[in-house]
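Below is one structure, written out as structure tokens; the observations come after it.
The values are calculated or read from the model by the stated rules, or taken from the named source; none is laboratory data. Everything numeric in this text was worked out from a predicted model, so none of it was measured. Cβ atoms come from the backbone with ideal geometry, glycine included; neighbour counts cover every protein chain shown.
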Amino acid sequence: MHFHGYEWAGDGRLLARESERRPVEAARFGLSELPPMMTGWWLLRPPSQVRGTWDTAAGAADWLAERYEQHSPGGDPWLPTATRRRFALDQLARASDVVWSRWVSDIRWSGHYVIVCPNSTWPGLSCPTDRLAQ
């Protein structure tokens, strides 16, 4: 098991473009950088969208915390980043995807995603880095 990191930040109103976020619309889905509707569907995206790959849950959780802090200065007063990281570490160790996303302004959305690979929820999806090697 390993972990792939993805991120997207931009005008949150673009998230309404659901056809780009569903693999049924294969052409638009593969070209879009908008986050997919289901976490495991990130694995269907081109390998170029992978922002990092880790063999350990700790490495992936560290990346989440770093990226979250960069996109959300000061973090979330209700759930400090260190606590978030601890929860993420537990989820990843249990082979569960982790999503940290939030509105950072009236229209700006920031999302950071760590997807477990191979993914038990989506066992038929191949690893994006394996596709890169082919």
Report, by residue number, each residue of region 26-37 that is surrounded by fewer than 17 Cβ atoms within 10 Å (Cβ to Cβ) and without any contact (Cβ under 8 Å) to a residue 24 or more places away in the chain. Ala26, Ala27, Arg28, Gly30, Leu31, Met37
Counting only residues that are surrounded by 13 or more Cβ atoms within 10 Å (Cβ to Cβ), closer than 30 Å to Val24 by Cα and not aromatic (Phe, Trp, Tyr), region 45-66 contains a total of 9
For region 122-134, what are the residues that are over 13 Å from Gly5 (Cα atoms) and either surrounded by 14 or more Cβ atoms within 10 Å (Cβ to Cβ) or modelled with pLDDT of 95 or more (or both)? Trp122, Leu125
Between residues in region 68-85 that are among the acidic types (Asp, Glu) and residues that are surrounded by 12 or more Cβ atoms within 10 Å (Cβ to Cβ) and not in a helix (DSSP H, G or I), which pairs lie under 7 Å by C-beta distance while being six or more apart or on different chains? Glu69/Gly75
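So that you can scan it fast, the table gives a plain yes or no per residue for (1) closer than 20 Å to His2 by Cβ; (2) under 12 Å from the mean Cα position of the chain (by Cα):
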{"residue": "Phe29", "(1), (2)": "no, no"}
{"residue": "Trp41", "(1), (2)": "yes, yes"}
{"residue": "Val50", "(1), (2)": "yes, yes"}
{"residue": "Trp63", "(1), (2)": "yes, yes"}
{"residue": "Gly75", "(1), (2)": "no, no"}
{"residue": "Leu79", "(1), (2)": "no, no"}
{"residue": "Leu92", "(1), (2)": "yes, no"}
{"residue": "Asp106", "(1), (2)": "no, no"}
The one condition Asp97 fails out of (1) farther than 20 Å from Arg21 by Cα; (2) within 13 Å of the chain's Cα centre (by Cα) is (1)
Yes or no: Ala95 hydrophobic (A, V, I, L, M, F, W, C), in contact with a Ser or Thr (Cβ under 8 Å, 6 or more places away or on another chain) and either exposed (fewer than 13 other Cβ atoms within 10 Å of the Cβ) or modelled with pLDDT of 95 or more (or both)? yes
Flagged pairs (Cβ under 8 angstrom, 6 or more apart or on separate chains; first in region 40-51, more than 21 Å from Ser96 (Cβ to Cβ); second among the hydroxyl-bearing types (Ser, Thr, Tyr)) are Pro47/Thr129
Going by the structure shown, is Gly111 more than 15 Å from Trp54 (Cβ to Cβ), loosely packed, with under 13 Cβ neighbours inside 10 Å and small (Gly, Ala, Ser)? no
Yes or no: region 57-72 includes at least one residue that is touching a strand residue (DSSP E or B) at 6+ places or on another chain (Cβ under 8 Å), modelled with pLDDT of 95 or more and more than 14 Å from Trp100 (Cα to Cα). yes
